[in-house]
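Only one structure is covered here, and it is reproduced in the block below.
Computed from the coordinates by the stated procedures, all read-outs in this text should not be read as laboratory data. Here the structure is a predicted model, which means the values were calculated and not measured. So basically every Cβ, Gly included, is an ideal-geometry build from the backbone, and we count neighbours across all protein chains shown.
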Amino acid sequence: MNILFAASEVAPFAKTGGLADVAGSLPSALASLGHDVRVVLPRYRQVDPAQFNLKHRATFHLPISTWYERCDILEGSTADGITVYFVNKDSYYDRPGIYGTSRGDYPDNAERFAFFSRSLLELCRVMDFSPDIIHCNDWQTGLVPLYLKTQYAAQAPLDRTKTVFTVHNLGYQGRFPPETMHRLGLGPEALSPEGMEFGGAFSFLTAGLAYADVITTVSKRYSEEIQRSEYACGLEGILAQRAGSLFGILNGIDSRAWDPANDGAISRHYSAVEPAGKEACKDALQKLAGFSADSGPLIGMVTRLSEQKGLELLVDAVPAIMKLGVRLIILGTGEKKYHRILTDLHSRYPEQIQVMFRFDESTARAIYAGSDLFLMPSRYEPCGLSQIIALRYGAVPIVRKTGGLADTVIDYDRQAGKGTGFVFDEYSSGALVVAVKRALAIKSDQSRWKSLLLQCMTKDFSWEHSAREYDRLYHDVVTPSQNDRREASMAGKDKGGERKAS
Ligand code: ADP
């Protein structure tokens, strides 16, 4: 099958979160099942053509409303040899950030990602690449199914193409005022009744949900949660309409890229069978954080600083958690409000709390490797990759029971000695403190802790299983159902009749 995988961020080229990890690793897993998979993303300033050996591949002029704009396509590849196309348009993508700067989102994000969505369809036409599936991800590619169905589906090479739309986070919708539509060359069909639910606001995400052949989200539990108004972010109408085409497939990780036995960024290598190196990683992390060398428990967090990640809970729980004698190290970027709050916590507990406001893969890896425990008290979490990486690095997760956190972390059962972390249900700082206490009680029991670490580190979250689920889904999408086949054969009979009559 030919698959075009479209995402606004793809590791290692451009990353702000888990979407990039998925887009950087799932395509290889799909290719190993025999598919011709190609990836497409914008060529941001940070993607250096010389470093990634990018070659010019095509130039075309893209229709935008009543005018055309030039678009260049560069081609490169991943370490696994997957072809990657980069949409090159300096006026849109040659900027310091991917979506915006610390002052906020770029005001022309609608134009930027509409251009990206349309250019990848045009790219197929110009290069005569006929995808069976275009796999779209999040709002930045939400217009692809809409453009495809309304403007491209009538002609080769896109006349048989189906779309899968994966929602990595329903909270980010790409909502713009309706007048934006005209600038993007969209007609009134783009404003579905659900889009109108927001007082006429137009959402790229809704377009994807309405027009894709199939919708997926990144864990089974989140696919169920978003059908309840509590988690639906206002989209319950369209989600109910599309419930029959909505599936949950759990994310995996690239287990070669995230491997403490072979990670160039950490102080000492270690593995489930030879865990000794983790102590050296903890020493190094304590140094990095400016903490005294100590054998006391160290809790790590690597996170976007947003309300979704449960930072309010943490802030309320800090005084109680600090009394337990733990140290906390947080790496994150995001909302200014949390920068202020966390800076304040650090000044109240300088010996116990360290915060680092930057996006830095090496420091993230040092935290996964050096922490005893990894905290994710999210209010909601579509899948979450950080806790999966933490499991692999033997940083035992403490998580709230929601979305992918609930699907990936098994609450430790003291009696049975079984589990891979500490899970709490109620969204309250009290429940979080109880979970931390439970974790510390097990941490102080060496043999239980050793067995817990082994269970965490040997859990398999490679893509193998989930890639097969996508493979089955793709086949179902491109294989017409019995009903469709019956209708097609009836239509064929009718046509035959007409021909005879003429
Ligand atoms: P989300 O996509 O909601 O941000 P995930 O847990 O799915 O959360 O994925 C987060 C990814 O981004 C992980 O690979 C994590 O290590 C990485 N990450 C998050 N914040 C930082 C940061 N400040 N520096 C480096 N990596 C980060």
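Points worth noting:
- Cα-based shape type of segment 2-248, given that a ≥ b ≥ c are square roots of the gyration tensor eigenvalues and the cut on a/c is 1.5: rounded
- Sequence-distant residues sharing a close amide H with residue 77 (under 5 Å, placed H): 84
- DSSP beta bridges in segment 277-457 [antiparallel fraction, %, rounded to 5]: 5
- Under 13 Å, Cβ to Cβ, from residue 75 - net charge with Lys/Arg +1 and Asp/Glu -1: +3
- Considering only 39, 93, 51, and ranking their Cα positions along the charge dipole of segment 32-100 that arises from unit charges at the beta-carbon of Lys, Arg, Asp and Glu, the one farthest toward the positive end is 93.
- DSSP bridge analysis restricted to the chain gives an antiparallel fraction near 30%, rounded to the nearest 5.
- Relative to the Cα centre, the charge distribution of segment 28-112, modelled as +1 at Lys and Arg Cβ and -1 at Asp and Glu Cβ, gives a dipole magnitude of about 80 debye.
- Structure note, pairs 336/459; 323/401; 220/282; 437/459: Cα-Cα distances above 29 angstrom occur for 336/459; 220/282.
- Ordering 458, 223, 180 by Cα displacement along the dipole of the chain toward the positive end leaves 458 in first place; charges were set at the Cβ atoms of Lys, Arg (+1) and Asp, Glu (-1).
- Shape category assigned to segment 247-301 from the gyration tensor of Cα positions, a/c cut at 1.5: prolate
- Protection proxy ranking, peptides 100-112, 312-324, 22-34, average beta carbon neighbours within 10 Å, highest first: 22-34, 312-324, 100-112
- What you get for the chain, charging only the Cβ of Lys and Arg (+1) and of Asp and Glu (-1), is a dipole of about 420 debye around the Cα centre.
- Residue-span extension gain [residue 50 to residue 415] - 0.36 nm each, minus C-alpha spacing: 125.7 nm
- C-alpha long axis of helix 361-370 to longest principal axis of the chain, angle in °: 40
- Placing unit charges on the Cβ atoms only, positive for Lys and Arg and negative for Asp and Glu, gives segment 277-457 a dipole magnitude near 160 debye about its Cα centre.
- Karplus (6.51, -1.76, 1.60) ³J(HN,Hα), θ = phi - 60°, over segment 266-278, in Hz, Gly and Pro reported as x: 10, 5, 9, 7, 7, 8, 4, 7, 10, x, 4, x, 5
- Three-way shape label, the chain, alpha-carbon gyration tensor, a/c 1.5: prolate
- Projecting the Cα atoms of 310, 299, 334 onto the charge dipole of segment 278-375 (Cβ charges, centred on the Cα centre) puts 334 farthest toward the positive pole.
- Distant-in-sequence amide H partners of residue 401 (H built 1.01 Å from N, under 5 Å): 424, 425
- Helix axis angle, 482-501 relative to the chain longest principal axis, alpha carbon, degrees: 10
- Taking the helices alone, the chain has a mean residue ellipticity at 222 nm of -11500 deg cm²/dmol, built from -39,500 (n - 2.57) per DSSP H run of at least 4 residues and averaged over all its residues.
- Nonlocal amide H pairs with residue 463, under 5 Å, H built at 1.01 Å: 253, 255
- Remark: spin-label model distance residue 259-residue 77 equals 2.0 nm, labels positioned 7 Å along the Cα→Cβ axis.
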